[in-house]
1. Might you let me know whether the range 69-82 holds any residue that is surrounded by 10 or more Cβ atoms within 10 Å (Cβ to Cβ), touching a Ser or Thr at 6+ places or on another chain (Cβ under 6 Å) and not assigned by TED's automatic domain parsing to the domain that holds Phe6?
2. Might you let me know whether the range 40-54 holds any residue that is of a type in the set (Phe, Trp, Tyr) and touching a Leu at 6+ places or on another chain (Cβ under 7 Å)?
3. Within the range 69-77, is even one residue in contact with a Phe, Trp or Tyr (Cβ under 9 Å, 6 or more places away or on another chain), of a type outside the set (Phe, Trp, Tyr) and at pLDDT 95 or above?
4. Where in the range 13-86 are the strands (runs of 3 or more DSSP E), entirely inside, with at least 1 residues that are of a type in the set (D, E, K, R), closer than 26 Å to Lys3 by Cα and without any contact (Cβ under 8 Å) to a residue 12 or more places away in the chain?
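The values are calculated or read from the model by the stated rules, or taken from the named source; none is laboratory data. These numbers were taken from a predicted model, which means no experiment stands behind them. Neighbour counts run over all protein chains shown; Cβ positions are idealised from the backbone, glycine included.
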Amino acid sequence: MNKNEFIDKVADMADMSKSDAARAVDAVLDAVTNALKAGDDVRLVGFGTFSAAKRKAREGRNPRTGETIQIAASIQPKFTAGKGLKDALN
């Protein structure tokens, strides 16, 4: 499912227009992104937790040449599924 299909599904389920659903979906995604940028976690009980994990700088290898390269430190988004989501899938 891509973003447009997701917006269509939200509009149908919430009985709202597609433009209102698009604004709502964009607002939720922006809120999660801004919270992660600020260093906060977003916990949605029963669904899961969005967090940001810090990765240290490290050495890696170019698989083609075997040459050693430096990989810069970064912050990676992380999602951990909650019990409600896991139960819904199983």
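1. Yes, because at least one residue in the range 69-82 is surrounded by 10 or more Cβ atoms within 10 Å (Cβ to Cβ), touching a Ser or Thr at 6+ places or on another chain (Cβ under 6 Å) and not assigned by TED's automatic domain parsing to the domain that holds Phe6.
2. Yes, there is a match, as at least one residue in the range 40-54 is of a type in the set (Phe, Trp, Tyr) and touching a Leu at 6+ places or on another chain (Cβ under 7 Å).
3. yes
4. Fully inside the range 13-86 and qualifying: 42-44.
Residue by residue, here is whether (1) surrounded by 13 or more Cβ atoms within 10 Å (Cβ to Cβ); (2) within 16 Å of the chain's Cα centre (by Cα); (3) in the same structural domain as Ala88 (by TED's automatic domain parsing) holds:
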| position | (1), (2), (3) |
| --- | --- |
| Asp8 | yes, no, no |
| Asp12 | no, no, no |
| Asp15 | no, no, no |
| Ala22 | yes, no, no |
| Asp26 | no, yes, no |
| Asp30 | no, yes, no |
| Asn34 | no, yes, no |
